[in-house]
1. If each of residue 341 and residue 395 carries a label point 7 Å out from its Cα toward its Cβ, how far apart are those two points in nm?
2. Check which residues have an amide H placed less than 5 Å from residue 500's amide H, if you skip close sequence neighbours.
3. Using modelled backbone amide H atoms (1.01 Å from N, in-plane), which distant-in-sequence or interchain residues come within less than 5 Å of residue 359's amide H?
4. Residues with beta-carbon under 13 Å from that of residue 378, excluding residue 378: net charge, scoring Lys, Arg +1 and Asp, Glu -1?
5. Rounded to the nearest 20 debye, what is the charge dipole size of the range 402-609 about its Cα centre when +1 sits on each Lys and Arg Cβ and -1 on each Asp and Glu Cβ?
6. Residue by residue through the range 377-382, which ³J(HN,Hα) values in whole Hz follow from phi under the Karplus form 6.51 cos²θ - 1.76 cosθ + 1.60 (θ = phi - 60°), with glycine and proline marked x?
7. So for the range 402-609, taking the charge dipole from beta-carbon charges (+1 Lys/Arg, -1 Asp/Glu), which of 568, 426, 459 sits furthest toward the positive end?
8. Can you work out ³J(HN,Hα) from phi for every residue in the range 523-532, in order, using Karplus 6.51 cos²θ - 1.76 cosθ + 1.60 and θ = phi - 60°, giving whole Hz and x for Gly and Pro?
Amino acid sequence: MDRERPVALAAVRAARWAGRRFVSPQSLLAALLLVVLAYLVVAPLFAVVTTSLTWQSGDTRFAGPDIEVGRFTLFHWQRVLNSELTRNLIVLPMARTLTVALGVMVIVTVVGGALAWLVVRTDVAFKGSIATLAVLPYVLPSWTIALAWLTLFRNQGVGAPRGFLEYALGWQAPEWLVYGGVPIIIALGIHYFPFGYLFLSGALKNLNTELEESADVLGLSSWQTLTRITFPIIMPAILSVLLLAFARSIGTFGTPAILGLPARYYVVATQIYSLNLTGRASQAYVVALALMAIAAVGLYINFKVLGTRKSFELVSGKGGRSRIVALGRWRVAAGAAVLLFLVAVALFPLLLLVWSSLMAHQGDYSLGNLSLRHWIGAGTPGINDGEPGVLRNPLNLTAMWNSIRLGLLGGAVCGILGLLIGYLVARVRGSLVVRLIEQVSFVPMLIPSIAFGAIYLSLFARGGLLAPALYGTFALLLLVTVGKQLPYAARAGISAQMQVSKELEEAASVLCIPWHMRFARILFPLTRPAFLAGTLIVFITTMRELSLYIMLVTPRIRLMATQAFWYTEVGFRQLADAFTVMLVVVILVVTGLVNLLNRLSGGRVRSVS
């Protein structure tokens with residue numbers, strides 16, 4: 001009996017400890033985040049699959065009035081995969097999508113890699129200016145470059161008003177250079193090459209060039225050194241660049257719509273939009289699932305290549321040195337050439353849009369045609385259907401306010417959720433539930449924006465017990481913003497929380513301070529820079545986002561990006577350019593605030609112990 005007593009006491013204590021652990025703040029927080037992620041990520045994915053496999057109310061025009069709405073059917077899959085329709089609905093748009101993605105990947109890797117090599121590995125002149133301008137194209141919305149491209153190359157030969165080149169030189173660009181795959185690839189490549197520059201410059205900075213010097217001593221040629229040493233070492237960065245360029249380009253809507261739809265050049269993103277616009281939403285979801293499958297295959301290939309390749313450790317306790325290539329007399333010339341290129345792809349498109357927005361009549365680029373009519377004019381009959389200037393249209397001011405509050409609210413919610421996810425990952429490492437939360441929070445990053453918007457449209461268009469009919473409301477835009485942008489804030493939150501020592505919270509726990517007060521008074525102040533960074537990154541991304549919202553906005557709920565696209569769609573080019581310039585100004589101002597806040601907070605969260 002005496003021997004059994006300690007065992008019984010130990011069992012009771014273990015049960016009490018397990019009970020306390022089950023209802024601990026971490027357990028409650030994990031349960032809450034599981035519910036939130038299930039609602040934001042899992043439920044929309046389930047809804048788009050079930051919608052593609054059931055009859056919908058709009059299917060009566062295809063299958064007759066006798067269908068039972070909500071009943072299981074393979075009709076939508078069979079229709080999309082029908083031998084007569086498959087080529088136009090999937091095969092041709094998918095082939096064009098992959099062609100565009102391949103072209104963008106080449107431009108991003110080559111241009112970004114060349115700039116990274118010049119800045120990191122050579123003594124090229126004007127490095128500071130090059131580094132600043134190299135990231136500017138990504139700050140601008142991708143379709144800004146598409147609008148500038150049309151302003152530059154359009155001509156009367158393709159049934160459009162004169163562009164700048166035709167006005168200045170009298171040259172009419174061929175149609176394949178104005179619309180179609182070539183301009184789409186170039187415009188997206190210009191927009192995304194900063195990815196290549198940022199990733200590859202970081203990899204080259206960590207490269208110890210003593211390895212290359214050793215290869216020179218052993219008699220290897222420059223090509224052998226490049227292919228056998230340099231490329232294998234920076235291969236993870238190259239693969240990351242390729243994956244990001246692939247994932248972003250296959251889901252981008254604005255640029256393919258502006259440069260492709262006038263020539264009936266459909267990619268998967270514009271095909272999804274077209275199917276939904278013509279009342280074939282279920283078939284649009286089938287195409288969206290196909291697009292997600294392509295993105296998943298790209299991710300899997302990247303994972304397999306990185307998972308099976310040999311590892312090369314570059315950062316260790318030993319000092320390494322980086323060899324700077326001297327360009328000699330070409331130093332200034334190379335720097336000037338790079339600056340000229342960056343000005344042409346980063347600043348010139350914006351200046352061209354500003355000039356276009358000041359033209360009273362399209363096609364006339366003379367100084368006498370400059371006017372503020374499209375900015376502050378009351379509207380002229382016969383021009384843009386009498387639409388007032390962008391600053392005098394109350395709908396535009398409403399769209400601006402909607403975009404700003406959507407970015408701020410979405411950013412704040414994402415920032416808080418990101419810190420909470422980071423807290424769980426940092427405090428409950430190794431837990432199956434926490435690993436699940438971390439992985440599910442990353443899923444939206446892998447889904448193309450146009451497909452993610454289609455997913456939310458599927459879930460919230462009809463309405464139900466857990467998913468009310470939110471189509472046409474600001475709440476739906478906020479939900480899709482949080483769902484799509486959460487991965488960025490989560491990564492910032494995880495990084496920040498991992499740098500805060502557990503001892504601070506444990507000391508407060510010993511003093512019986514409740515968890516919510518510990519988080520508010522200790523953890524949040526220490527991780528505030530990450531919260532602000534995550535919030536503002538989401539704000540900037542939301543302000544320029546078009547693909548995510550194009551199928552969710554209505555005339556009652558407008559955003560700046562979608563309003564600019566509407567102006568383009570109906571042919572009000574000067575109004576579209578003016579409103580795009582307004583959007584870019586807002587983005588640049590907010591970007592300046594991000595840099596200011598980063599400087600005030602030291603640029604990063606320091607480890608606290």
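Computed from the coordinates by the stated procedures, all read-outs in this text should not be read as laboratory data. Everything numeric here is computed off the predicted structure, so don't read it as measured data. Backbone-built Cβ (ideal geometry, glycine too); neighbour counts: all protein chains shown.
1. If labels sit at residue 341 and residue 395, their model points lie 4.2 nm apart.
2. 608
3. Sorted by chain and number, the residues that satisfy this are 371.
4. Within the 13 Å Cβ shell, the charges total +1.
5. So the magnitude is around 220 debye.
6. Whole-Hz 3J(HN,Hα) from phi for the range 377-382: x, 7, x, 10, x, x.
7. Toward the positive end, the furthest listed residue is 426.
8. Karplus values, whole Hz, x for Gly and Pro: 5, 5, x, 6, 10, 4, x, 5, 4, 5.
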